[in-house]
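Have a look at the structure below before the remarks.
The values are calculated or read from the model by the stated rules, or taken from the named source; none is laboratory data. Because the structure is a prediction, the values reported are computed rather than measured. Counting neighbours? That spans all protein chains shown, and the Cβs are built from the backbone with ideal geometry, glycine included. Calculation scope for accessible area: heavy atoms of the full protein, side chains included, ligands and nucleic acids excluded. Shrake-Rupley method; radii C 1.70, N 1.55, O 1.52, S 1.80 Å.
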Amino acid sequence: MVSFHYGVFEKNRPIVPKYYEYMFHSNQFRLILGFASKGMTVGLQNLGNADFYNLKSLFPLLPEQHAIVSYLDDKCGKIDEWVAQKRKELELLGEMKQRVTASAVTRGLNPNVTMKQTNIPWLPEVPEHWDCVKLKMFCQDNKEKNKGNVESCVLSLSYGNVIVKKNINFGLVPENYESYQIVNPGYIILRLTDLQNDHKSLRTGLVKNRGIITSAYVGLVVKNMNSEYTQLLLHSYDVMKVFYDMGGGLRQSMSYNDISNIYIPVPPLSEQRAIVSHITERTAKIDKMVENVNKEIEGIKEYKQRLISDVVTGQIKVC
């Protein structure tokens, strides 16, 4: 079964269906579809069955269709294998970045430092000169609401970053933003809902702009501690899935009261700053490597698209 919004067709003369799958994905046919489609909104144009039937299409002889499919299956298969290997590289680089952060915020930068045992299940030992205290000793719950709509810069937590929301009128929006919390640079935002379902989202972010954000998130005001170090530590806790056994209720959620009693390691302030600098430098290099791999993937995908388009239209002869 498929949605009734889809057009479903079957052949009425001998063809090689895979050839038309390739042909329908070619740049030329996409252009034809664009011109034939109807609708006022970009991205929402429609093409009816009658219009689709009236489109002109190439019809190579059956031996040529078979040859084209065989050629493209071979070439595209090799390209897809290459892309799969590159995606594995991206996964490994992501894991490396997480290890760099987790090691620095929980063990420090000196590999020869003496360690001491803790009573923290997910963090059995830390450097001997570090403290281990409850989060609430350094982080308070943000209670400042946007009464009177005094702030209008709406923020959003997206993939581990607190960003300015560009289109505040898109999707479900509140009547007003008085219930939102006002946040300042250095605050930490945590999305601690749906813990039982969502094991991949990045749930923490550091605020860099003054603005407002939904009160469904926990907002932490950091006192007497480096906020960047604290956010990186909580990010590592998130990656280590520390929060997932702690939620309550139907949506497996946590409040400030729940997270405030979590134990955290606390290095001296000077060491916190050094750790942040180290992580920033190391992860910047990894991010550059990720950027380069993504460019390689985009380049080969563009090549694959051009190859398909040229072969199905006869620009490259394969038989």
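Filtered by the rule that a residue be open to solvent by less than 80 Å² (accessible area, probe 1.4 Å) and not in a helix (DSSP H, G or I), region 59-84 gives a lone residue, PRO60.
The residue of region 109-138 that is nearest to ILE259 (Cα to Cα), among those that are open to solvent by 70 Å² or more (accessible area, probe 1.4 Å) and part of a loop (DSSP other than H, G, I, E, B), is PRO121.
Here is a yes/no grid of residues against (1) touching a residue at least 40 places away in the same chain (Cβ under 8 Å); (2) in a helix (DSSP H, G or I); (3) surrounded by fewer than 12 Cβ atoms within 10 Å (Cβ to Cβ); (4) β-branched (Val, Ile, Thr):
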site	(1), (2), (3), (4)
GLU271	yes, yes, no, no
VAL276	yes, yes, no, yes
ARG282	yes, yes, no, no
VAL290	yes, yes, no, yes
LYS295	no, yes, yes, no
ARG306	yes, yes, no, no
VAL311	yes, yes, no, yes
LYS317	no, no, yes, no
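The set of residues from region 219-277 being in contact with a helix residue (DSSP H, G or I) (Cβ under 6 Å, 6 or more places away or on another chain) and among the aromatic types (Phe, Trp, Tyr) comprises just one member, TYR229. Do the conditions hold for ILE168, that is, is it over 23 Å from ARG273 (Cβ atoms), touching a strand residue (DSSP E or B) at 6+ places or on another chain (Cβ under 6 Å), at pLDDT below 95 and not hydroxyl-bearing (Ser, Thr, Tyr)? Yes, satisfied. Scan region 25-39 for residues that are within 20 Å of GLU302 (Cβ to Cβ) and not in a helix (DSSP H, G or I) and the total you get is 2. Looking across region 35-50, just one residue is open to solvent by less than 50 Å² (accessible area, probe 1.4 Å) and modelled with pLDDT of 80 or more, and that is ALA36.
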